[in-house]
Structures are given as C-alpha cells and as structure tokens.
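Below: one structure, written as structure tokens.
The values are calculated or read from the model by the stated rules, or taken from the named source; none is laboratory data. Keep in mind that what you see is a predicted model, and the values were worked out from it rather than measured. Cβ sites come from the backbone with ideal geometry, for glycine too, and all protein chains shown count toward neighbours.
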Amino acid sequence: MARSRTARPATLALAITPMIDVIFLLLVFFICTVKFERHEETIRADLPARGATADPLALESAPVRIVVAARIGGRVSLTLESEDGAVAAHGIDSLATQLASLCRRDGARGLYEPSHRILVTAAPDASWEDAVGAFDAAARAGFLNVGFAGQGP
C-alpha cells in the first residue's frame, strides 16, 4: 500500500537575534562617537534689557535711500531720499558730507541715529563702482546699518 505524503507548507523563519545584535552595536557606536558641544544647546535671543520697555506704538521710520543713476557726462548722479524729501548730491564726497550732517553721533545734531537704515538703490544702467562708492560714503558718515536694495527706476 502506497503512502501518500502530504506536503507541508514551507514556513519562513526570521532570525531576529542577529538583527537585534546589529542594532545594539550601532546604538553603542553612535553613543560613543557623538560629541555634544555647548553651542548646539543654546539659542541666541536678543531680548531687551530688564526694565527697558520699547514703546509698542512707536513707528519704524522709513530708511534713507541713496539712488545711484547712470553717469551723465562722466559724473555720477546721486539722489538722497529721506522722509523730508529728495536732495541731489554732486559726487561721492558731497554725498558723504550730506550723510554726515544727517547722522547723530559724537554730539552732532543729526536727524538719524547711526543705527538708522540706509539703502543704496542702483539703477540698472548704473556702474557697480558708483553703487559701492555710495555704500562707502554712508559707512564713512557713521551709519552702521547700510545695505543694498533692489534695482531702482
């Protein structure tokens, strides 16, 4: 009499022990090699000094703009625009003098603090040398917050 063998379904056995060993080895490796540095745990926050309160109703004043246009007849065309209006400057040195009269520093009676924002705006056809010259003139005048704005008209 012939015996019929029934096929047992194949079972898939997953060896978990070696995987757990590898995970623990990786964990030990990363714990031993990590460096905790002081600057990674602190976040700098510029908070006002104790007792000093800012006026919540104070309006931020508009930045002073220096508009640099293309050279006409070999001379750069500069315009100094502030809340009081626009004034033409005849060269970089003239611009530096006008900006120095606007800066309130060393007892001078200017309109703006040295931290007031100054933006240099260059026309598309203005030279980079003239724009950097205007930037340097504002820095020479004593302003600390000088930057470049997008292209002007």
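A few remarks follow.
- Of residues in region 98-114 being over 12 Å from I66 (Cα atoms) and touching a residue at least 40 places away in the same chain (Cβ under 8 Å), the one farthest from the chain's Cα centre (by Cα): A100
- V22 modelled with pLDDT of 85 or more, farther than 24 Å from A126 by Cβ and of a type in the set (A, V, I, L, M, F, W, C): yes
- Scan of region 4-28 for residues that are charged (D, E, K, R) and in a loop (DSSP other than H, G, I, E, B), ordered by number: R5, R8
- Residues within region 115-153 that are of a type outside the set (A, V, I, L, M), more than 17 Å from H90 (Cα to Cα) and without any contact (Cβ under 8 Å) to a residue 24 or more places away in the chain, tallied: 1
- Residue in region 129-142 that is aromatic (F, W, Y) and out of contact with any helix residue (DSSP H, G or I) (no Cβ under 8 Å at 6 or more places or on another chain) present: yes
- Qualifying residue in region 51-62 (condition: within 29 Å of the chain's Cα centre (by Cα), modelled with pLDDT of 80 or more and of a type outside the set (K, R)): yes
- Filtering region 83-94 for residues that are within 26 Å of F148 (Cβ to Cβ), within 28 Å of the chain's Cα centre (by Cα), part of a helix (DSSP H, G or I) and modelled with pLDDT of 80 or more leaves a non-empty set.
- For the criterion of being closer than 30 Å to F135 by Cβ, assigned to a helix (DSSP H, G or I), modelled with pLDDT of 85 or more and touching a helix residue (DSSP H, G or I) at 6+ places or on another chain (Cβ under 7 Å), L80 fails.
- Taken over region 61-88, the criterion of being under 17 Å from S115 (Cα atoms) and basic (K, R) is satisfied by R65 alone.
- For region 101-143, filtering for residues that are surrounded by 14 or more Cβ atoms within 10 Å (Cβ to Cβ), over 22 Å from R75 (Cα atoms) and out of contact with any strand residue (DSSP E or B) (no Cβ under 9 Å at 6 or more places or on another chain) leaves 1.
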